[in-house]
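*Asks:* Before I ask anything, let me first share the structure, which is written out below as structure tokens.
The values are calculated or read from the model by the stated rules, or taken from the named source; none is laboratory data. Given the structure is predicted, the values throughout are model-derived calculations rather than measurements. When we count neighbours, we look across all protein chains shown, and the Cβ atoms used for this are built from the backbone with ideal geometry, even at glycine.
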Amino acid sequence: MQMHILSGGRLIMKRSVYIPDAAADEKIELPVLCALLRHPQGNVLFDTGCHPLAATDPEARWGGLSRFMKLISPPEDNLVNGLAGLGIGPSDIDLVVNSHFHTDHCGCNEYFKNATILCSNKELAAANAEDAVRAGYLPTEWKHGKRFDSFDGQRDVFGDGRIVLVPVPGHTPGCIAALVGLDRSGSFLVASDSVAIRECLDRDYNPKPTWNHDIAMGSLAEIRRIQAAGTEIIFGHDAAQWDALKKGADFYD
Ligand SMILES: [Zn+2]
């Protein structure tokens, strides 16, 4: 199996949202990370990044959210183009895993019309709740694909332990991460927003936009155990790690 790290765009936000002691006027750049897992039984995407329109007409695509989250990447910097660079079209994707349904993690879902969307039951319920739009769940972003296949607890995607989706709630009610086992490169936890940046794990805190801080702290503790056992954590939005990762055609296997 091969893992390709691909770009879902690049955001800029107030640094104080992520770093508690940052000055009020400081900014932080946040790469949006997606992963393509090329398993012998199918192509799996983990998260789909930002929709290109969020770069050209953010208000139309994201509404009020566009005041807090701004894309600084051009519209061409999106997952569909990243896949095209590998010779993969949207119809070649069998499964889309959404870690959660915030707009920067499911923005390109609409392109993957043939794919089954894998997510947790709790996240699907949160995204379908009456006040979901106020909580940042926009149906134009997440509600696509051929069908939804949602689950409680863990899900071993192909039953061979190579891609195991694990619950890491707290950022949202049903946030999940992917434990990826590779023959040569070892094991990775693609953490998404359960650990947005390295400092959250190192300094043991969660960013301001966290649904439930106590539950998120429990997930952080679990992730630290996974890390201590020798698994490399791939953060959702860490600029320094992003620079160091293999990306695009340069894969982990
Ligand atoms: Zn995010």
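Here is a yes/no grid of residues against (1) within 16 Å of the ligand (Cβ to nearest atom); (2) surrounded by 19 or more Cβ atoms within 10 Å (Cβ to Cβ); (3) within 23 Å of L118 (Cβ to Cβ):
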| position | (1), (2), (3) |
| --- | --- |
| V157 | no, yes, yes |
| G170 | yes, yes, yes |
| V180 | no, yes, yes |
| V190 | yes, yes, yes |
| E199 | yes, no, no |
| N206 | yes, yes, no |
| A216 | yes, yes, yes |
| S219 | yes, yes, yes |
| A240 | no, no, no |
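*Asks:* Here's a check for you: in the stretch 159-168, which residue that is in contact (Cβ under 8 Å) with a residue 24 or more places away in the chain and either surrounded by fewer than 16 Cβ atoms within 10 Å (Cβ to Cβ) or assigned to a loop (DSSP other than H, G, I, E, B) (or both) is nearest to the ligand (Cβ to nearest atom)?
*Replies:* Of everything passing the filter in the stretch 159-168, V168 is nearest to the ligand (Cβ to nearest atom).
*Asks:* Let me ask something additional. Quick check on my filter: what residues within the stretch 191-222 are among the basic types (K, R) and over 17 Å from the mean Cα position of the chain (by Cα)? Spell out how you get there, then give the answer.
*Replies:* Just the residues of the stretch 191-222 that are among the basic types (K, R), to begin with: 198, 203, 208.
Within the stretch 191-222, R203, K208 qualify.
*Asks:* Additional query: Considering the stretch 86-139 alone, what residues qualify as being assigned to a helix (DSSP H, G or I), of a type in the set (S, T, N, Q) and within 14 Å of the ligand (Cβ to nearest atom)?
*Replies:* Step one: list which residues in the stretch 86-139 are assigned to a helix (DSSP H, G or I), which gives 90-92, 103-106, 109-111, 121-128, 139.
Keeping just the survivors that are of a type in the set (S, T, N, Q) gives 91, 103, 109, 121, 128.
Passing the criteria: only T103.
*Asks:* While we're here: Name the residue, out of G63, G49, that is modelled with pLDDT under 95 and closer than 21 Å to T140 by Cα. Before you say what the answer is, go through the steps one by one.
*Replies:* On the way: G49 fails: modelled with pLDDT under 95.
It is G63.
*Asks:* Return the pair list, or none, for Cβ contacts closer than 9 Å from residues in the stretch 21-39 that are within 16 Å of the ligand (Cβ to nearest atom) to residues that are at pLDDT below 95 and among the hydroxyl-bearing types (S, T, Y), at least 6 apart or on different chains.
*Replies:* As it stands, the answer is I28/S16; I28/Y18; L30/Y18, since those pairs meet every condition given.
*Asks:* Please state which of the following conditions G42 fails to meet, knowing it meets all the rest: (1) closer than 17 Å to Q2 by Cα; (2) in contact with a Lys or Arg (Cβ under 7 Å, 6 or more places away or on another chain).
*Replies:* (2)
*Asks:* Cβ-Cβ under 8 Å, sequence separation 6+ or interchain: first residue in the stretch 170-195 and in a loop (DSSP other than H, G, I, E, B), partner within 15 Å of the ligand (Cβ to nearest atom) and acidic (D, E). Which pairs?
*Replies:* Note: pairs meeting the criteria are H171/D193; T172/E123; T172/D193; P173/E123; G174/E123; C175/E123; C175/D193.
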